[in-house]
1. Rank 125, 98, 115 by mean-square fluctuation in a GNM of the chain with C-alpha springs under 10 angstrom and give only the top-ranked residue.
2. Could you check which residue among 46, 61, 112 shows the biggest mean-square fluctuation in a GNM of the chain with a 10 Å Cα cutoff?
3. What order do you get for 157, 51 when you list them from fewest to most C-beta neighbours inside 10 Å?
4. Which of 124, 42, 69 ends up with the largest GNM mean-square fluctuation for the chain, with Cα atoms connected below 10 Å?
5. Between residue 72 and residue 104, take the C-beta separation as r, use R0 = 41 Å, and let me know the FRET efficiency to the nearest 0.05.
6. Quick one: compute the contact order of region 3-202, relative version, from alpha carbon pairs under 8 angstrom and 6+ residues apart, as a percent.
7. Provide the three semi-axes, in whole Å and in decreasing order, of the ellipsoid equivalent to region 3-202 as defined by the square roots of 5 times the Cα gyration tensor eigenvalues.
8. Using the 10 angstrom Cβ neighbour count as an exposure proxy, how do 119, 142, 158 rank, fewest first?
C-alpha cells in the first residue's frame, strides 16, 4: 500500500473528524472555523513529507494539472481522501453536511470562488517557500478565514471529500455532485491561472 494513500487517508480523516466533531459539539462558527483550520495546519505539519498533505481532491487535481503531482498517483490520492472523509463522516454521524443556505447560483459561485482563493493561496505560498511550518500556517489560516466568512452560506466546503463524508452520513446526497463540480472547477481555474502566469515563465 502506497505511503501517499495512507497519508492522505489519515490526513483527510483527521481534518473531517476534527472539524465535524466541533460542529457536533455545538461550538460557535468561529470555533468551528478555527477547528478546521487547525486540523489542516496540523495535518500539513505531520504528513506533508509523506504525500504533500493535500487532504483535498480539488487540490490534488489542481496539482496534477500543473505537474506538482504525477498524474499516475492521482487515483491513489483521491481514493485515500474520499475513504478517509467517508470513515470520519460515518463515525461522527449526522453532523457537518454542507448545504446551501442561499440561492443555488450564488452558492455555486461562492464555492468556486473560495476554492479558487484557497488553491491560489497554496500556489503563492509554495512558490516562495518549502518550509512546512510556513505552508501549514498560511493554508490553515486561509481555510479558517474562508470557513468563517462563507460557512453560513454554503458550509464552505472547498473540498469534495469534506462534503462527501458528512453528507453521506447525513443522507444528504442531492448536493454532493454540485459541490464536487464547483470545488473542482474552482481549483482547476486556479491551476490553469498558475500554469499560465508562473509555470510558463519558469520554462
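What follows is calculated from the coordinates using simple rules that are stated; it is not laboratory data. Bear in mind that the values here come from a model prediction, so they are computed numbers and not experimental data. Reconstructed Cβ throughout: ideal geometry from the backbone, glycine too, with neighbour counts over all protein chains shown.
1. It is 125.
2. The residue with the greatest mean-square fluctuation here is 46.
3. Values: 157 31, 51 25.
Ascending Cβ contact count within 10 Å gives the list 51, 157.
4. Of 124, 42, 69, the most mobile in the Gaussian network model is 124.
5. Efficiency computed from Cβ-Cβ geometry: 0.70.
6. 32
7. On the way: eigenvalues 114, 67, 52 Å².
Each semi-axis is √(5λ); the values are 24, 18, 16 Å.
8. 142, 119, 158
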